[in-house]
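Have a look at the structure below before the remarks.
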Protein chains: 2
Amino acid sequence: MFATPEEAEEAYYDAFRRRDVDAMMSVWLDDDSIVCIHPMGERLRGVHAIRASWRQIFGSGHALGIRHGDVWRNQGPLLAVHVAHEYLTPPQGEAALVAVTNVFQLADGGWRMLLHHASPMDAGSAPSSPGGALH
Amino acid sequence: MFATPEEAEEAYYDAFRRRDVDAMMSVWLDDDSIVCIHPMGERLRGVHAIRASWRQIFGSGHALGIRHGDVWRNQGPLLAVHVAHEYLTPPQGEAALVAVTNVFQLADGGWRMLLHHASPMDAGSAPSSPGGALH
């Protein structure tokens, strides 16, 4: 159980770094209305499709580093909308800056992820020093 | 005033087609917490920055066609989260399929836009017949 949207978000990125599908899915609502959009990807809906996508990403054998930060928050009583940056570092090649919207929902006394929408940003629109605000 | 998130969303796409900056901004909350991410773009926050981006887009001289549809809805009492497709048709060149998250907030008795996050989709991940569900 996550007492705040921030706790759920931290668990999300922790699961990503550990490439742990079960930990990742424990962050999401157990509901067919959940939606995930990976960078450049199609919309995925529901526990089954989203779990399969994480299994594929984590199972690809590429250890993808991720930092998340510079969060803009809009918090309601039942939904919290976070818009932030992700800084993805592949084992080889260029790091990528990603704009991300994470939406969390309060359900059964805890906060869980309802939506993850991640999208690449043109290098030209990237902050000059993304590392500063990210962690 | 928009009685439902759907009315606000319809007004958003109507303003886009008419390239009307004032009509577009009347759909958004008059609040510095609003956030807009155009495809491949940096996060923009607040009325001033978002208005300036629309002025630039609508003033570019390119009449960009847009269809919006295939909407997945998650409606709370104060926030509504819509995830949908946009199909953008430039005057020349390829049409583009975009994944979009629109978040609406109930404020002062009406629904207004809080967040617009649009991102390109790989051609490989596009539905085979995007026209069907879009309008």
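Just for segment B:29-47: of the residues that are under 10 Å from the mean Cα position of the chain (by Cα) and among the hydrophobic types (A, V, I, L, M, F, W, C), which one is surrounded by the fewest Cβ atoms within 10 Å (Cβ to Cβ)?
B:36
So is residue A:54 part of a helix (DSSP H, G or I) and either on the phi < 0 side of the Ramachandran plot or touching a helix residue (DSSP H, G or I) at 6+ places or on another chain (Cβ under 6 Å) (or both) or not?
So residue A:54 fits the description; yes.
Kindly establish whether residue A:117 is at the interface with chain B (Cβ under 10 Å from one of its Cβ atoms), within 10 Å of the chain's Cα centre (by Cα) and either part of a strand (DSSP E or B) or surrounded by fewer than 19 Cβ atoms within 10 Å (Cβ to Cβ) (or both).
It is true that residue A:117 is at the interface with chain B (Cβ under 10 Å from one of its Cβ atoms), within 10 Å of the chain's Cα centre (by Cα) and either part of a strand (DSSP E or B) or surrounded by fewer than 19 Cβ atoms within 10 Å (Cβ to Cβ) (or both).
Within segment A:67-108, work out how many residues are in a strand (DSSP E or B) and not hydrophobic (A, V, I, L, M, F, W, C).
15
Which one is farthest from residue A:40 (Cα to Cα) among residues in segment A:88-109 that are more than 10 Å from every other protein chain (Cβ to nearest Cβ) and surrounded by 21 or more Cβ atoms within 10 Å (Cβ to Cβ)?
The selected residue is A:104.
The conditions are (1) open to solvent by less than 20 Å² (accessible area, probe 1.4 Å); (2) modelled with pLDDT of 95 or more, and residue A:76 fails exactly one of them. Which is it?
If we test residue A:76 against (1) open to solvent by less than 20 Å² (accessible area, probe 1.4 Å); (2) modelled with pLDDT of 95 or more, just (2) comes out false.
Find the residue count for segment A:9-24, including only residues that are free of Cβ contacts under 8 Å to residues at least 24 places away in the same chain and open to solvent by 70 Å² or more (accessible area, probe 1.4 Å).
The qualifying residues number 3.
What are the residues in segment B:48-65 that are open to solvent by less than 10 Å² (accessible area, probe 1.4 Å) and more than 14 Å from every other protein chain (Cβ to nearest Cβ), if any?
B:54
The values are calculated or read from the model by the stated rules, or taken from the named source; none is laboratory data. Nothing here was measured: the structure is a model prediction, and the numbers come from that model. So basically every Cβ, Gly included, is an ideal-geometry build from the backbone, and we count neighbours across all protein chains shown. Surface accessibility is based on the protein's heavy atoms, side chains included, excluding ligands, DNA and RNA. Shrake-Rupley method; radii C 1.70, N 1.55, O 1.52, S 1.80 Å.
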